[in-house]
Every structure is written in C-alpha cells, then in structure tokens.
1. Suppose we keep just the alpha-carbon trace of segment 144-213; what are its Rg and Dmax in angstrom?
2. For segment 108-224, report the convex hull volume of the alpha-carbon atoms normalised per residue, in Å³, without decimals.
3. In µm²/s, what is D for segment 13-103 at 25 °C and 0.890 mPa s, where D = kT/(6 pi eta Rh) by Stokes-Einstein and Rh is the Kirkwood radius from Cα pairs?
4. Can you tell me the equivalent ellipsoid semi-axes for the chain? Use √(5λ) from the Cα gyration tensor, largest first, whole Å.
5. Under 21 Å Cα to Cα from K98, which lysines show up? Leave out anything in the same chain fewer than 8 places away.
6. Please report Rg (one decimal) and Dmax (integer) in Å for the Cα set of segment 185-294.
7. For segment 174-244, what is the Kirkwood hydrodynamic radius in Å, using each pair of distinct C-alpha atoms?
8. Tabulate in residue order the Karplus-calculated ³J(HN,Hα) for segment 68-82, using 6.51 cos²θ - 1.76 cosθ + 1.60 with θ = phi - 60°, rounded to whole Hz; enter x for Gly and Pro.
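The values are calculated or read from the model by the stated rules, or taken from the named source; none is laboratory data. This structure is a prediction, so every number in the text was calculated from the model and none was measured. Cβ: placed from backbone, ideal geometry, glycine included. Neighbour counts: every protein chain shown. Each accessible area value is taken on the protein alone, full model and side chains, heavy atoms only, with ligands, DNA and RNA left out. Shrake-Rupley method; radii C 1.70, N 1.55, O 1.52, S 1.80 Å.
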Amino acid sequence: MQGASTGIVYGGLKYQARCIADVRADPDHTSFLAGTLSLKEENEVHLIRLSPSGNELLCEGLFYHQNEIWDLKSCPYDSRILSTVYTSGETYGASVWKIPEISSQSNSPQLDQLVSLDDHTAKIKSVLWWPLGKHDKLVTIDERNIFVWSIDSSNKIAKVISQESVGMLHNLSGGAWDPHDRNAVAAICDSSLQCWDLRTMKNANAIEHAHIRDVDYNPKKQHILATAEDEFGIRLWDLRMPKIPLKELPGHSHWTWAVRHNPEYDGLILSAGTDSTVNLWQVSVGSEDPAIDSPRDKRSRQIDPLLNSYTDYEDSIYGIAWSSQDPSVFASLSYDGRVVVESVKPYIQRK
C-alpha cells in the first residue's frame, strides 16, 4: 500500500548522511539529531525540531563535527549530550559530546567533547545508551569486542569496567540494549545475533543462521525483538524460543537496513531499506506465554498487513527514528541528506 506524500521535509543538510536519532530527553519538543558523512568537508550535527504548529521543521542548532559520522545517539537523560562514532581516514573513534549554549554570536559552534572512548583497537561500530533513562554506564561495540564503560560526564571521565572479545573468527557490526534489563545487550555478529549478560560478559543466548543488519527490542513486551535481515526481510523473535521466529515480514525489495518498534503503540513497526522506501507495519505477538503465537501454527496465519509505504525519496534510507514525545511521528533520513518527518495518526486511529 502506498500513500500520498504528506511528509514535512527538512532542507538543511548539505552533505550525505546516514544517522538520525530522537532526542528522548527533551520533554517539550519533538526533536531529532542528524549527522553528516562528508569525506572532504567538515561535518555537521543538526538539531532539528518540529514547529509548534506541526507543519515545519526548524534548525535549532548546527554544530561542527570534523569527522564523518557513522553512528549517532542522543543521551536518554540529558538532551544536550550525544555520542558519535566517526572515522578519519583509516582511523575510527567514538566520543561523548555536549551541545554548547546557542548564542547569536556563533551560528555553528563546535561540540564540546566530554570524553573520548579510545580504548578500542579494532574498528568501533556502535555506542549504546540504556534507552529508558539515567544510567552511568555506556556500551560500545567494535568488530571484535564489547566494552562496558563507567561515564562521569560532569567530570569528563570514562573508564572501561569490563570487556570481552568475540574472538578473531567473528565480526561484530552493532547491537541494541534491552530496555527491560540493564544487563542484557544484543550484538550483531556475522551470521547470528548474540545476547550478552553484562554482569558476566558471557554470551547467554543466540539466534543462529541470520544475516542481520539491525536489531531493536520491543519496548512494551519483554523478550521480544525485531531483526532486519538480508535474506528474510523483517523477523520477530521471542528470546525464550530463539530457534524459530514468531513472525516474518517481507521487508524491502533491496536490503532491509533498519527496523524500529514504536515506543508507545505496541505492534507498530517501521523498516527502512536501500530501495528508497520506509514501510509501516502492524504486527501482533504475544509475550506472556511462549505458547502464545507459537511458530508451529505459523503456516495457518496470514502475514500481518503492510499499513503504508513511504516512497518520497531518491536515495537509500539508512536512518529512521520514532519521536518519544509524540509517538505518532517518525523521522527518516536518506543518504542524500533528505530528512522527512511523517505522522502515522491515520493508521493508529484505524487500529
């Protein structure tokens, strides 16, 4: 199903980009951060805010970031703090930054580097914040290791408190932190998804034989997560039964790159791909009893409907983010720097 274009377009990004994040800690506005990926120019982080009228996207701040941004996250408990993973030539790094006070004298100030997460020797891929609020730990993932850091932003101190390697035979590419369990992280590893216990730094569970590009926990139902996969599109899993998926959705006509559960409306899922499309899905799964929605009767059920496809793009879409402040709104970012904000209210009302 394809609907007419109703999105609000932000035209401020001058360079190519892959990363967009919801500013969860801003209680008063629907805000997003977007970071650029220019090889030759000084890159930028844009603070984008939906206007009070809801019909315009405003640039509330533009901040210089020297290197190409490959991962960007907003701190869930402080709206002025963010993290980036970046590259300079062949060197990858990661830092936690603070947005400076915005003044009329400086239209594009530098971000204030609070800490550099520089103990990695392999190529760093992702920084993870525990998604639901105040926590003094960060998780970083590089190609070979998972690190847990103790962060003191006020004193600009970051210390590694635990680290574990997956070995030379495996490559990590990203992950997600379980909102229901501060000690559980899912890490994307070659042809599997590994679930790690941060207390023991051991692999506690795994979904095997899955070539995964992205993973996202269901914030409303424990044990449930979604994966974006090369071969199978989108699959939903119950981690208590990791051998067979609960649901399968067809995904995208090219690579399915990103998947996100809605933070409030259980069953609403976004996916984005390199086919220049964002898909909105309605999916229902049980979580209290593993027998509910058992995969054994999967053949007798119809695949849940695709509610809408958003196709107002000319390039691959690598970044999608729901708004925490208004969960009926999401932002998407295509590689050419096009940010579009859409409302899914018609599909919520239809439920």
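1. Cα-based Rg and Dmax for segment 144-213 come out at 13.1, 44 Å.
2. Given the Cα convex hull of segment 108-224, per-residue volume reads 129 Å³.
3. Estimated via Stokes-Einstein, D reaches 183 µm²/s.
4. For the chain, the semi-axes come out at 30, 26, 18 Å.
5. Straight-line reach from K98, under 21 Å: K73, K125, K134, K137, K156, K159.
6. According to the Cα coordinates of segment 185-294, Rg and Dmax are 13.4, 41 Å.
7. For segment 174-244, the Kirkwood estimate is 11.9 Å.
8. In residue order, the calculated couplings are 5, 9, 10, 8, 9, 9, 9, 4, x, 10, 9, 5, 9, 10, 8 Hz.
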